[in-house]
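Here's the structure, in structure tokens; my notes come after.
We did not get these values from a lab; they are worked out from the coordinates using the rules stated. Keep in mind the model is a prediction, meaning the values are calculated, not measured. No Cβ is skipped: glycine too gets one built from the backbone with ideal geometry, and neighbour counts run over all protein chains shown.
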Amino acid sequence: MLYPAYSKEPVAKYWMGRMGGGTALVIEARQEAGEPVFLALARAIIAEIERGRLKPGDPLPGTRALAKSLELNRNTVDAAYHELLMQGWLVAEPSRGTFVARDLPDFGSKRQSPVTSAGQGGSPPRFGPATLNLSDGAPDPRLAPTVPLAQALRRALASPAFMAGGGYGDPRGDPLLREALAGYLKDERGLALGPDDILVTRGSQMALFLAAAALARPGAVIAVESPGYSFAWAAFRAAGVRLVGVPVDDGGIDVAALERLAASEPHLHAVYVTPHHQYPTTVTLGAARRLRLLEVARRHRLTIIEDDYDHEYRFDGRPVLPLAARAAEDICVVHLGSLSKLIAPGIRIGYAVAPPTLLRRMADRREALDRQGDLPLERALGELILDGTLKRHARKARRIYQLRRDNAALLLTQHFSTVADFTLPAGGLAIWLRLKAGLSAESWAMNATHLGLSVLPGLRFTLDAARPPEAFRLGFASLDEAELARAIALLKQAGP
Ligand SMILES: Cc1ncc(COP(=O)(O)O)c(C=O)c1O
């Protein structure tokens with residue numbers, strides 16, 4: 001018998017086929033108002049474990065079978081299992097399936113009543129670090145495709161390309177990765193390019209430095225968004241460039257202000273922008289400002305350094321095509337990307353796409369710093385792009401992060417609506433929470449640190465320390481549901 005799953009009724013019942021035992025287990029799940037379905041399903045499975053009806057080591061049905069019997073999308077069941085794997089309630093055993101974690105207490109044999117909060121007797125250990133970090137929009141490395149990456153790395157280390165020399169190759173990066181990236185960027189970002197238009201770098205941080213170094217002349221100025229990305233500022237300064245801040249409002253960088261600056265500053269060579277999801281405010285630069293920005297760049301011969309660091313994470317609507325895809329030939333755009341958000345910041349792979357002369361200058365400087373990149377890692381990632389692993393990972397991560405964004409937005413609305421507000425970001429891995437007048441983000445963040453929560457106040461993102469934005473950039477993607485709930489509770493405790 002099949003009950004309708006998550007109809008408009010707040011309560012839904014399910015059949016859950018139980019593998020191995022041959023018996024059928026009925027799960028009753030209640031979806032709280034506004035709660036994503038996958039979390040409701042995850043809670044229902046936890047409740048069955050706590051009741052002792054699912055015991056340590058019990059097999060769970062495959063996601064396809066469970067989705068079918070529940071009349072749910074398989075992605076929903078996938079996301080529920082994923083949450084439970086990350087929280088330590090379930091374990092996945094390669095080529096065997098998914099099981100209730102064996103290190104949990106057997107709630108059934110001890111006849112314990114259900115416990116739901118951490119720290120109560122018999123509660124399983126919760127996943128997560130002792131100190132919570134709301135980050136600035138980091139991804140969750142626990143979702144990363146580490147198994148295929150390790151396999152691809154092993155193949156790369158055994159490949160003739162490595163074995164027959166393994167030595168110094170092309171300073172622009174492994175040809176296979178550049179070929180793969182060219183196809184990927186064509187499909188995903190509408191960039192018309194070939195492998196020779198790409199320079200692979202150690203993270204986009206290196207590309208920021210190389211771009212500024214290749215552009216720099218004595219006294220050169222780069223305009224940057226303020227508030228903005230301070231690591232880019234550090235890279236530009238290290239390359240000997242002077243910075244001038246351009247204000248950002250709720251439409252993104254103020255292009256009219258940039259135009260005034262370009263008219264009055266003869267040494268202005270370039271402008272650095274994060275148009276897809278402005279860092280830190282998350283705003284997408286609209287079509288009118290994009291066109292005007294391109295026109296200002298053309299008229300004043302400015303190079304646009306476009307940092308598209310989290311392009312893949314667009315939740316509402318389609319990703320916006322980069323400036324690099326729209327720019328005419330007479331406008332110089334250096335388009336930068338990174339695998340730090342797509343996989344994890346520990347994978348130090350970034351890339352730059354630029355016109356040939358500028359790319360050559362950047363490659364020469366890269367060679368002076370580091371003769372070539374990490375050959376096996378680059379080959380392995382090239383393979384994962386070509387065989388579709390990275391795109392599949394992006395799809396899965398996007399789904400999970402969208403649910404986490406919605407959950408974060410719900411919690412922020414519930415707990416902070418009297419002291420702060422925010423605009424739901426259409427994409428990216430953070431929410432910009434603006435505090436009401438009279439509140440100090442800096443002292444709030446300091447209180448949070450004492451409670452074990454790391455959170456970044458507006459001061460971290462401004463060139464104008466005397467007038468920092470009273471706001472937090474809250475990364476929601478690296479924390480699972482339980483961790484995020486704890487982080488928000490601590491943030492509330494630290495607040496006014
Ligand atoms: C604005 C911005 N650009 C680029 C990056 C990625 O830097 P990298 O590729 O050096 O890890 C980040 C990561 O946090 C970022 O926030």
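Multiplying the residue separation of residue 482 and residue 131 by 0.36 nm and subtracting their alpha-carbon distance yields 125.0 nm.
Pairwise Cα distances in region 147-391 exceed 26 Å in 37 percent of cases.
Straight-line cross-link partners of residue 68 among the aspartates and glutamates, defined as a Cα under 15 Å from its Cα and at least 8 positions apart when in the same chain: 78.
Spin-label model, residue 161 to residue 446: label points 7 Å out along the Cα-to-beta-carbon direction sit 5.2 nm apart.
Between residue 73 and residue 93, the FRET efficiency from the beta-carbon distance, with R0 = 25 Å, is close to 0.55.
Assuming a ≥ b ≥ c are the square roots of the Cα gyration tensor eigenvalues, decide whether region 218-270 counts as rounded (a/c under 1.5), prolate (otherwise, with a/b larger than b/c) or oblate. Oblate. Considering only Cα atoms, the convex hull volume of the chain works out to 160 Å³ per residue.
Principal semi-axes of the equivalent ellipsoid, √(5λ) from the alpha carbon gyration tensor of region 120-246, are 33, 29, 15 Å from largest down.
Shown for the chain are the DSSP H helices of 27 Å or more along their axis, judged by Cα atoms, with a mean Kyte-Doolittle hydropathy of at least -1.0: 389-416. Each of 309, 168 was scored by other Cβ atoms within 10 Å of its Cβ. Arranged with the fewest first, they read 168, 309. Students often forget the sequence filter, so: which aspartates and glutamates lie under 14 Å Cα-Cα from residue 341 once same-chain residues fewer than 8 apart are removed? List returned: 136, 140, 307, 308, 310, 312.
The Cβ shell under 15 Å around residue 143 holds other residues with a net charge of +2, Lys and Arg each +1, Asp and Glu each -1. Considering only Cα atoms, the convex hull volume of region 253-379 works out to 137 Å³ per residue. Place a point 7 Å from Cα of residue 418 in the direction of its Cβ. Which residues in region 436-480 have their backbone N less than 14 Å from it? Counting only backbone N, you get 436.
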